[in-house]
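The block underneath contains the structure these notes are about, expressed in C-alpha cells.
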Amino acid sequence: QTLEDMGIVRDLFGPTKLTFTIRDHTGLVVGFVARTIGWKKGDAGPKYCNTSEIRNPYYRKGKILYGSEGARKLTGLRLDIFEGYSDLGTARQAGLKTCAAMGGTAFTPDHVDLLYGLGFRHINLVFDDDKTGKKLSEANIKKFSGYSGPKVTVMYLPIPADAKDEQNDPDSLIKTQGIEAYKKAGS
C-alpha cells in the first residue's frame, strides 16, 4: 500500500501548511493534520486537512488524542484536554505537561476509555470560550455525568468580555495572561 492509498496526500504538506504529526498513545505515527497558514473565515479552501479516516485504518479521531503519547507518563494527575493542536503546543511550551488535544470538538467515550486505561483518573475538558465551546461544555457535563471510570470535569476559561473571536481559547489565554492565570482558573 502506498502513502497516498492510506490518505497521506500532498495537501498535507507545503510552504503554506503547518503540519502536525499525529501519534497514537504509544508514539506510533498514524497520520497528519495540516492547517493552512493565514487562513481566515470566508477564505476558499479548508482551514484544516486531515489524513483520511476512510483510507487509513490507523487514524481515528474519535479514538486518538494528540499529545497523549507524551502525557501518558504523567498518570495520576489531572489531564487537561483541549480542542486544538495550538492550545496544546502553547500549554506545553509554558510548562503544562499534563495535556492533550482532540483536534476538533468531539470528545468520545473511546477517548475516556483510552485515558482510563492509561491510568488517568481525572480528565478535565477545556473548550474554547465561544458559542460552540459553551454548548460542548454543557453537553459533555451531561454525557459523562455518572460515567463509570475517571472523573470528567469541564473548565471554563476566564476570557475577558471584550476579547476578539480568535482570542477565546487556551492558546490565547496562556499567551496573554500566562500559565499561572490558566492554572488558577482550573483550580
Query raised in the report: Filtering region 97-153 down to residues that are of a type in the set (Asp, Glu) and over 22 Å from Val33 (Cβ atoms), which residue is modelled with the highest pLDDT?
Result: Asp113
Query raised in the report: So, of the residues in region 34-74 that are among the β-branched types (Val, Ile, Thr) and more than 18 Å from the chain's Cα centre (by Cα), which turns out to be farthest from Gly7 (Cα to Cα)?
Result: Ile37
Query - Subset of region 109-137 that is open to solvent by less than 10 Å² (accessible area, probe 1.4 Å) and in contact with a helix residue (DSSP H, G or I) (Cβ under 6 Å, 6 or more places away or on another chain) - its residue that is nearest to Tyr182 (Cα to Cα) - result: Val126
Query raised in the report: Just for region 150-162: of the residues that are in contact (Cβ under 8 Å) with a residue 12 or more places away in the chain and farther than 19 Å from Phe107 by Cβ, which one is surrounded by the most Cβ atoms within 10 Å (Cβ to Cβ)?
Result: Ile159
Query - When residues of region 55-74 are limited to those that are among the hydrophobic types (A, V, I, L, M, F, W, C) and assigned to a loop (DSSP other than H, G, I, E, B), the one most open to solvent (accessible area, probe 1.4 Å) - result: Ile64
Query raised in the report: Does Ala106 satisfy the condition of being closer than 22 Å to Ile64 by Cβ and open to solvent by less than 40 Å² (accessible area, probe 1.4 Å)?
Result: no
**Report entry** Positions within region 25-34 being under 18 Å from Leu115 (Cα atoms) and either of a type in the set (S, T, N, Q) or touching a helix residue (DSSP H, G or I) at 6+ places or on another chain (Cβ under 7 Å) (or both), in sequence order
**Finding:** His25, Thr26, Gly27
Query raised in the report: Does region 135-149 hold any residues that are touching a residue at least 12 places away in the same chain (Cβ under 8 Å) and on the phi > 0 side of the Ramachandran plot, and which are they?
Result: Gly149
Report summary line: Taking region 22-31 and keeping only residues that are open to solvent by 40 Å² or more (accessible area, probe 1.4 Å) and of a type outside the set (Val, Ile, Thr), one is left with Arg23, His25, Leu28
Query raised in the report: Out of all the residues in region 36-54, is one or more part of a loop (DSSP other than H, G, I, E, B), polar (S, T, N, Q), touching a Gly at 6+ places or on another chain (Cβ under 9 Å) and buried (at least 20 other Cβ atoms within 10 Å of the Cβ)?
Result: yes
Report task. Check every one of the helices (runs of 4 or more DSSP H) wholly within region 88-187 and list those with 3 or more residues that are touching an Asp or Glu at 6+ places or on another chain (Cβ under 6 Å). Result -> none
Query raised in the report: Which residues, counting only those in region 1-21, are open to solvent by less than 80 Å² (accessible area, probe 1.4 Å), outside any helix (DSSP H, G or I) and modelled with pLDDT under 90?
Result: Thr2, Gly7, Ile8, Val9
Query raised in the report: When you look at Leu77, is it over 18 Å from Tyr147 (Cβ atoms), touching a residue at least 40 places away in the same chain (Cβ under 8 Å) and out of contact with any Gly (no Cβ under 8 Å at 6 or more places or on another chain), yes or no?
Result: yes
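The values are calculated or read from the model by the stated rules, or taken from the named source; none is laboratory data. As the structure is a prediction and not an experimental result, all values here were calculated from the model. Ideal geometry is used to build each Cβ from the backbone, glycine not excepted, and the neighbour counts take in all protein chains shown. Surface accessibility is based on the protein's heavy atoms, side chains included, excluding ligands, DNA and RNA. Shrake-Rupley method; radii C 1.70, N 1.55, O 1.52, S 1.80 Å.
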